[in-house]
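For reference, the structure discussed in these notes is given below.
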Amino acid sequence: MQPGSTKRDEQERLRLLGTAASEPDHRFEELVASLPQMVWIAGEGGHVTYFAPRWTDFTGRSPDELLGTGYLDLIHPEDQEMVTASVSDPVDATVIFRMRRHDGEYRWMEAQIHEVLDAHGHRVRLVGATLDITDRRASDDLAREHQEQLRVALGVTGLGRYALYFRENRLESDDRHSEIVGLDADELMRTHGPNGFFEMIHPDDEERVRKAVQIAMEGGPDYSVEYRWKRPTETGYEQRWIAALGRVEFDADGPVRMLGVVEDITAARQEQDARMRLQKLEAIGTLAGAIAHDFNNVISAIMSNALVAEAELGAGESPATSIREIAQGAQRAGDIVKRLLTFGRAEDEAREPFNLGDIAREACSLVTPTLAPGVELRAPELVAGPPALGDASQVHQVVVNLVTNAGHAIGSGPGRIDVLVDAVSLGARDLGATNTLPAGDYVRLRVCDDGPGIPDPLLRRIFDPFFTTKPQGEGTGLGLAAAQSIVRNHGGTIDVDSVVGSGSTFTAYLPVATALPTTKRLRPPTRKRDGSHTPRILYVDDAEALVSLAERAMPYCGCAAVGYTDPLEALEVFSADPTEFDALVTDLTMPRLTGLQLAGRIREIAPELPIVLSSGHLTPDAEAEARACGVDAFVPKPCSVDRIAAEVLRLVTERRTI
């Protein structure tokens, strides 16, 4: 048959040929020449009386040699009986057989035969059209082979096939698809319909699946999504994870159908979830160990400096240096707590100028005890340079991670780690590996080791989360990934150069700040000459040490404080004379009455009183709830007294100027 034609079309052509055979020769020859098939005509008894010229081209024989039954010896011996019977059969027929071409090759042929009858229904002649279909059969065989290969492949992989026809609202699927979703195509469409399909998807995944389908139907990327499916069971539903792929086919009027596959990935997802839980536990264990190590160092420094300060006071010497070291240790302890509380939670960090050299030297002093005895760590020299801009605590973590990583690379030693800090000005031609940076001024941190170096295949993955070359249980692969994330969040970048056998150098670039931060110092209280009022704070915290400290320190910060560890007692005192206080500072978590409950009760009595909440658990939800209770400002713990006093003075001043 001709491409795009049907059997009815072919029979109509043969009918016209049968009619044209009785017409003048030119009409018949025109029809014969227009066909790709080789036309022949046989008489009532089945003997061929006419072969079109195309037969000579195919067989290499003249029409006279083929007439009658001269063509039979060209037909494959196994097919001769079938062909003879078909010619003798007085009905229209389609015959497929093999015939020898002029070069001796047997070709597959398809013959369409039409019976021409007279007015009385008697056969007048047979008209046939024969076409070489060898190539078409080969294509059909190949297509069938591919279909079988696809069926086997899908069976091996466990994929289920589907075809969704949009305009007919019809779904076709194989047995594996029905097994995965728990419904065959008819049940799925009859019971749920096209929109009901989404009802079987977990509510948390539905919108994502709808969007993926819509994008694919609008000509976007192929449909590819993973979702949770409610698979029907005898007792109800069970949740299964399904991965679905699909490609939408279009015509001039829009999307026609989607062809795709589905896979049940429940087991893989469960395994992945278990692996992620294990990795998180390992990460938390590593974090806890690092924080314990940091805390031990900080507490040891605070205790030692406190002893020294006490001795210095006893000897009549100035304890200023020891006190400064204690303050720095307390600040570092606060940073460690903050890092623990924000672990796993995105949070905008304050960006302040800091001396990267100082941070690097302090980090080196913390890491040194953890290195093998044969490893020498050389901290950066005291060199004047521009400050970096960022969160000093997080950058401290970057230095610790890079130095620790270098120590692990060297192992038991001997070896050397050099930490270098300097300033660089990068132009467009100098960016090189730091091509994510804009041109400008940066503070550069380099951590160099003379360890074994990193091979190229590992170097490409060195910053991947959870990638580690350490034995199971000895590392999580989070250190370098965290360092890279912190540096990038600071507007910088981090690179690594390594030569196998010679060591590695990790280089971090941080933006330059304009000035170093100034250190706040408490000043002795002074009598105000202008007669202005010193704000009086109602300070409530269940930690007795903090209450006592506030009462002693607030006068040095321009305020006065009356402290209580019992919120109910504080409420009773305030209720007796609200005019005695200019502000409330309260902790969040306290026995008998929470900070929010206290703030609400105080706000009922004095609607305009400034209220400050100081807590180590200030989540976004807690802040929103606190504002609803009338809290005006928040000071996260750990914090210094002057920070709280500054908030109180600001609020009191604002109230007085309104």
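Extending 7 Å from the Cα toward the beta-carbon at both SER412 and ILE215 defines two label points whose distance is 5.3 nm. Along the range 362-378 the Karplus relation, 6.51 cos²θ - 1.76 cosθ + 1.60 evaluated at θ = phi - 60°, assigns HN-Hα couplings of 5, 5, 5, 5, 6, 7, 3, x, 8, 7, 5, x, x, 9, 9, 10, 10 Hz to successive residues, with x for each Gly and Pro. Given H placed 1.01 Å from N in the peptide plane, which residues other than close sequence neighbours of MET109 have an amide H under 5 Å from its amide H? Long-range HN contacts for MET109: PHE97, ARG98, MET99, ILE133. Were the residues from ARG61 through ARG552 laid out at 0.36 nm apart, the gain over their Cα-Cα distance would be 164.5 nm. Using the beta-carbon distance between GLU234 and ASP441 and R0 = 60 Å, what value does 1/(1 + (r/R0)^6) give for FRET efficiency, to the nearest 0.05? Once rounded, the FRET efficiency stands at 0.30. The stretch between CYS639 and ALA576, if pulled fully straight at 0.36 nm per residue, gains 19.6 nm over its current Cα-Cα span. Charge dipole (Cα centre; +1 on Lys/Arg Cβ, -1 on Asp/Glu Cβ; no other charges) of the range 530-646 amounts to roughly 200 debye. Site pair ARG460 and GLN597 shows an inter-label distance of 6.1 nm when each label is modelled 7 Å from Cα along Cα→Cβ.
Listed peptides 599-606, 456-463, 96-103 appear in the order 599-606, 96-103, 456-463 once ranked by packing, highest mean of other Cβ atoms within 10 Å at the front. Neighbours of ILE417, meaning other residues whose beta-carbon lies under 10 angstrom from its beta-carbon, give a summed charge of -2 when Lys and Arg score +1 and Asp and Glu score -1. For TYR237, TYR50, TYR442, TYR556, the ranking by accessible surface with the largest value first comes to TYR237, TYR556, TYR50, TYR442, using a 1.4 Å probe.
Let me check I've understood the local charge: for MET109, count other residues with C-beta under 13 angstrom from its C-beta, Lys and Arg +1, Asp and Glu -1. What total comes out? Every neighbour counted, the sum reads +2. Taking all protein chains together and a 1.4 Å probe, the residues MET38, MET303 rank MET303, MET38 from largest to smallest accessible area. Once the C-beta distance of GLU78 and ASP118 is scaled by a Förster radius of 25 Å, the resulting FRET efficiency is 0.10 to the nearest 0.05. Spin-label model, THR370 to ARG136: label points 7 Å out along the Cα-to-beta-carbon direction sit 7.6 nm apart.
The values are calculated or read from the model by the stated rules, or taken from the named source; none is laboratory data. Source: prediction; values computed, not measured. When we count neighbours, we look across all protein chains shown, and the Cβ atoms used for this are built from the backbone with ideal geometry, even at glycine. The area values use the complete protein model at the heavy-atom level, side chains included, leaving out ligands, DNA and RNA. Shrake-Rupley method; radii C 1.70, N 1.55, O 1.52, S 1.80 Å.
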